[in-house]
Amino acid sequence: MTTEISELAAKSATTSLKRSRILFDVNPQAAFLPAVDPKIMTGSIARRKRRIQPGAPSGAGKGNSTALALVSDSAAGTTTNVQATSTALANVDNPSASNEQKPDGILVKSNKSSSKVKIPTPTWHAPWKLSTVLSSHLGWVRSIAFDPTNDMFATGSADRTIKLWDLAKASVGASDALKLTLTGHISPVRGLAFSPRHPYLFSAGEDKQVKCWDLETNQVIRHYHGHLSGVFCLALHPTLDLLVTGGRDAVARVWDMRTRTQIHVLGGHEHTVASLLTKSTDPQIITGSHDTTIKLWDLAAGKCMTTLTHHQKSIRAMAQPSFENTFVSGAADCLKYWQGKDGRFLKSYTGHKAVINAMAVNDDGVLVSGGDDGSMHFWDYKTGYNFQSTTSIVQPGSLDAENAIFAASFDGTGTRLITGEADKTIKIWKQDDEASEMTHPVDMVNWRKKCLKEAKQRY
């Protein structure tokens, strides 16, 4: 039976060759047949055997089969002599003998694929714990900014006020930690930023107003008019005297800090611009929007360089470290880690299943993300290892639903984390001094499982 199958397969292969000669209109007497490659001929015969005999094992024809086809043409017709060694026939009768061998040029699934996945080793970080709670605002605390000298910080709230705090006194819960309260906005204050070169504080609110406060006189000295709706985010350029604001009118506006001139209107988003990053190198402005996209902008030309569409949910928060040219964006689907120069996608940080309202990163590589449900996740920035997950506790007298985190920022040293929350409090967090790698080890078992699982997924 196997000999008949071999002859039929050889005839089929010869018929295909004859058809190809006729197709290209070649004279059978003068046709030049190239030398037959044994491997190609063996594979062709094996495939035809499997089609002729459906019950034949898939391993037939594999291995060291040396079937040869000798074709000779004559004026009367074509004669085909096929000689096949017993090795090819033995593979048909004994498929287990060829299971270990794979045909050349065919992609197969390897059981050793997991060994090729590189598992990054996370840097150990001490867990964070709540240190102090400050209660002074009468509304949600929506924004936080630190003074360049690290002596004080400012908070903006839905009660339309801006409060300035002494950091050292606030860290120990002193009663005189509040230094000053600024009033002037008529809607929630959504953005704050201290100027690193001038004694100025910039604020933006849902009342469409962008204000510049002189901290020596505690008065508003400049207004920046132009937004058509509420202003949701604000950032200062690190080296130039430029102010960038983004809002519900779906544009980011670049202002000259001194002349109040609107230099650029960065349009292109289809929804609210909710987060901003500025850098001294291109792209100097990065915007995240509720339309689920991130745009990288050329500041000199005022045009979009790149649009990133990887997220599927609104992007409400972004953060960038000082030690490398990358940034992280947060949305309800996941956190994503990007190359800062060209916006190349690097990695997804999965596990924080909440609407991400606030993100911050310090110089030690600790990334924190705050959610709309009060959840806080602490990550190792470079690897994406989630070394701590906690939930904020509302102050007494508040509803359990009022534990959303709206703002987060590290101080200049990176040892204190300040969050603004929906229970109208300002919470100060610090690292646990008693923790060590023995008491809080890195969970490498689950980390390895997560890395292997994500390596099989496509992003």
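Under a 5 Å amide H to amide H cut-off, with H placed in plane at 1.01 Å, what residues pair with VAL210 once short-range neighbours are removed?
TYR224
As a test question: what accessible area, to the nearest 10 Å², does ASP37 have when a 1.4 Å probe is rolled over all protein chains in place?
Counting only protein heavy atoms, ASP37 exposes about 70 Å² to solvent.
With a 1.4 Å probe and all protein chains kept in place, how much accessible area does HIS269 have, in Å² rounded to the nearest 10?
Counting only protein heavy atoms, the figure is 20 Å².
Using a 1.4 Å probe, what is the accessible area per residue for the range 245-348, in Å²? Intermediate values should be presented prior to the final figure.
Details: 4130 Å² over 104 residues.
So the range 245-348 comes to 40 Å² accessible per residue, rounded to a whole number.
Carbon and sulfur together cover what percent of the accessible area of the range 320-459 at a 1.4 Å probe radius? Don't skip to the end; give the middle numbers.
Working: 3060 of 6340 Å².
That share works out to 48 percent.
In whole Hz, what ³J(HN,Hα) sequence does the range 400-410 give by Karplus (6.51, -1.76, 1.60; θ = phi - 60°), x for Gly and Pro?
Couplings: 5, 6, 8, 10, 5, 9, 9, 8, 8, 7, 8 Hz.
Expressed as a rounded percentage, what relative contact order does the range 200-250 have, with Cα pairs under 8 Å and six or more residues apart?
Values: 98 pairs, mean separation 15.3, N = 51.
Relative contact order of the range 200-250: 30 percent.
Placing +1 at every Lys and Arg Cβ and -1 at every Asp and Glu Cβ, with all other atoms neutral, what dipole size does the range 299-364 have around its Cα centre, in debye to the nearest 20? Numbers along the way, then the final one.
Working: 8 positive and 5 negative charges, 64 e Å.
I would put it at about 300 debye.
What residues have an amide H closer than 5 Å to that of GLY205, excluding those fewer than 5 places away on the same chain, when H is modeled at 1.01 Å from N in the peptide plane?
Under 5 Å from the amide H of GLY205: ARG190, VAL231.
For LYS347, enumerate residues with amide H under 5 Å from its amide H, sequence gap 5+ or separate chain, H modeled in the peptide plane.
Residues meeting the criterion, in which the H sits 1.01 Å from N, are TYR337.
The values are calculated or read from the model by the stated rules, or taken from the named source; none is laboratory data. Predicted model, so just to flag it, every value in this text is computed and none were measured. All Cβ positions, even for glycine, are placed from backbone atoms using ideal geometry, and neighbour counts span all protein chains on display. Remember, those area values only see protein heavy atoms, side chains included, never the ligands or the DNA or RNA. Shrake-Rupley method; radii C 1.70, N 1.55, O 1.52, S 1.80 Å.
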